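Presented below is the structure to which this report refers.
The values are calculated or read from the model by the stated rules, or taken from the named source; none is laboratory data. All of these numbers come straight from a predicted model, not from anything done at the bench. Every residue, glycine among them, receives a Cβ derived from its backbone with ideal geometry; neighbour counts consider all protein chains shown.
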Amino acid sequence: MANWLQHWEDLHMSPFGFTPDNSDDPEKNKDGESVDFAAMMAQMQQQIQQQFSALGMSAPGFSATTEALPKNIVRDTAKKFVTAKGSAPIGANDVAKVEDAFAIAELWLNEATFFSQTPATRNPAMARTDWVDTTLNGWQTSVEPLAIGLAAAISELLNNANGEAGQSEAENAMQIPVGMIATLLRSFIGSLIATQLGQSIGGLAASVTGTHDVGLPLVEPVYPALVPQNIDEWGQDLNVPMDEVRIFHALRESAVARLFAHNPWLISYIRTAISDYGKGIRIDIDAIQRQAQEVFDNASEEGKEFDPTNPESFSIALNEGIFTPEETPAQRAALTKLETVLALIDGWSEDVVTLAAGERLPNLVALQETLRRRRATSAPAQQLFATMFGLQVSPKLAREAATFWKAVREVKDLEGRDRIWSGILPTSDDLLTPQSYLVSIEIPDDLSGL
């Protein structure tokens, strides 16, 4: 990876690593030697592939492709993580227990939300590997705008650099094959993001309790499903009957499934926020080099040698964000929008589940406290967005959202609370003042003065 960064620095600074003379041969450098672009590309490709080999996976060929985010890399990486952690197969007993939990949950939810039950279209019980396969298309659709944004930013960076080089050289200067270099870098960046996403999905597969535990729309058509192995591990050492644990998670899963099924625009809203973030990506090569140097320096100070061929060092570099472009105001706005809607979904689900369970689940308070505690340190959405965007979904914001939805329900009713999803969503500031928010969205009876 350090070698790739050095290549990028060389290509950028000189420009693209070459300073042609004024000879008549456009394929010669300033020393009169022929420049073999094919060999240069092959060398860079080999170095990049070595980095992926060090991680135990194969990199794709760097040829023109219509995939901004290679699905095969996402799938293979996620499956490697899941296989390493273990995925218990689903038996008839698992299916029966999950079906019973959903039957109870759906009945209770009918009294706690205005949104009706969604039909089950597939098996409601999933193994970890099933969860990866089932949600893969949803991940692809949600995160692909990030890869597209980076690809566009890379093309812009290279075109600008080549334009500057053209202005400073003689008319017969060698033309740098920007298209060839851009294709290579776009393929590499796409593979890099796909690897990160695959790692995130694989890690999440070992902890998510259901299809909608992450709070994102990942399946179409929308339907609820649980991961029995993870629910069993979630309920260990709680001193709570597993039937209660299972019903609790069935309530949460079915509530969010109902929300997405009855508000398809919400799915577009979330994906648009991610797309807006991707469109705002701008690459500052100097900032990336500066961040990289900081990572290397910090590693040295801690007595660690940064080895670009070492998977652990590679992961540290990714987690430190040395290849993350600097955030623009437009991107910050997109992330705020995303963080708020995720908190609203989480808070709404908590209010619905609390109302639905009532006194029917004797250990509801303990289950909710366990959920809050675990989400404060390792919430699925936090893991994902911290890795992909550097976004920290605040547990505090989710608590404020739950309080907001409860206050709205008490002022209005179930239908009044749930119909807010079809209008103007509250901002993070609105969560602290639900009464003012309700006043702001009211339509006056007399519109003549407008």
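Matching residues to (1) over 16 Å from GLY203 (Cα atoms); (2) modelled with pLDDT under 95; (3) outside the structural domain of ILE148 (by TED's automatic domain parsing):
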| position | (1), (2), (3) |
| --- | --- |
| ALA59 | yes, yes, no |
| ALA68 | yes, yes, no |
| VAL74 | no, yes, no |
| ALA84 | no, yes, no |
| ASP94 | yes, no, no |
| ASP100 | yes, no, no |
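Condition check ((1) part of a helix (DSSP H, G or I); (2) at pLDDT 95 or above) across all residues:
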| residue | (1), (2) |
| --- | --- |
| GLU359 | no, no |
| LEU384 | yes, no |
| THR387 | yes, no |
| LYS396 | yes, no |
| ALA407 | yes, yes |
| LEU450 | no, no |
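Residue pairs whose Cβ atoms lie under 6 Å apart, sitting 6 or more positions apart in sequence or on different chains, and linking a residue in region 124-145 that is in the same structural domain as ARG186 (by TED's automatic domain parsing) to a partner that is among the polar types (S, T, N, Q) and part of a helix (DSSP H, G or I), are PRO145/SER275. For region 89-118, the set of residues classified as in contact with a Pro (Cβ under 8 Å, 6 or more places away or on another chain) and assigned to a loop (DSSP other than H, G, I, E, B) consists of ILE90, THR118, listed by residue number.
If you scan region 219-233, which residues turn out to be outside any helix (DSSP H, G or I) and either acidic (Asp, Glu) or surrounded by 24 or more Cβ atoms within 10 Å (Cβ to Cβ) (or both)?
Quick first cut of region 219-233, residues outside any helix (DSSP H, G or I) only: 219-227.
Answer for region 219-233, where residues must be outside any helix (DSSP H, G or I) and either acidic (Asp, Glu) or surrounded by 24 or more Cβ atoms within 10 Å (Cβ to Cβ) (or both): GLU220, PRO224, ALA225, LEU226, VAL227.
Only one entry in ASN123, ASN137 is surrounded by fewer than 21 Cβ atoms within 10 Å (Cβ to Cβ), more than 17 Å from VAL214 (Cβ to Cβ) and at pLDDT below 95, namely ASN123.
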